[in-house]
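Before any comments, here is the structure.
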Amino acid sequence: MNFYEDCYIDKNIIKRTFKPMSDVDCPWHRDLEDRIIEVLRSGKGWKFQVDNELPVVLKNKMILSIPKKVFHRLIMGEEELILKIILN
């Protein structure tokens, strides 16, 4: 079950929209490339967590840098979350 929808803006830029789902947890994962994430719209309660760190509340216009192969996850909020993902 996919809890997000991707819209490719360019081959290295993705607009990703997450819909809140009470019965789904976002999995811990790691990516094969570095990523820059810009929060375009954060609904209430969304958080981002890197392995061995406390979760951070996501806010509009926030920029996150995620190095490749670092475990991380999203914690679901109550409203829609829209991110711009830039693949390096």
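Each value in this text was obtained by applying a stated rule to the coordinates, not by laboratory testing. As the structure is a prediction and not an experimental result, all values here were calculated from the model. Glycine gets a Cβ as well: all are built from the backbone with ideal geometry, and neighbour counts include every protein chain shown.
Restricting attention to segment 33-48, does a residue exist that is surrounded by 16 or more Cβ atoms within 10 Å (Cβ to Cβ), basic (K, R) and in contact with a Pro (Cβ under 8 Å, 6 or more places away or on another chain)?
yes
Check off (1) surrounded by fewer than 14 Cβ atoms within 10 Å (Cβ to Cβ); (2) touching a residue at least 24 places away in the same chain (Cβ under 8 Å); (3) farther than 12 Å from I86 by Cα for I9 and give me the number that stays unchecked.
Here I9 meets the rest and fails (3).
Kindly provide the set of residues from segment 12-28 that are in contact with a strand residue (DSSP E or B) (Cβ under 7 Å, 6 or more places away or on another chain) and more than 16 Å from I82 (Cβ to Cβ), ordered by number.
If the condition is that a residue be in contact with a strand residue (DSSP E or B) (Cβ under 7 Å, 6 or more places away or on another chain) and more than 16 Å from I82 (Cβ to Cβ), then N12, P27, W28 are the ones that fit.
Could you please find all residues in segment 69-84 being touching a strand residue (DSSP E or B) at 6+ places or on another chain (Cβ under 9 Å), part of a loop (DSSP other than H, G, I, E, B) and either over 12 Å from F18 (Cα atoms) or basic (K, R) (or both)?
Within segment 69-84, V70, F71 qualify.
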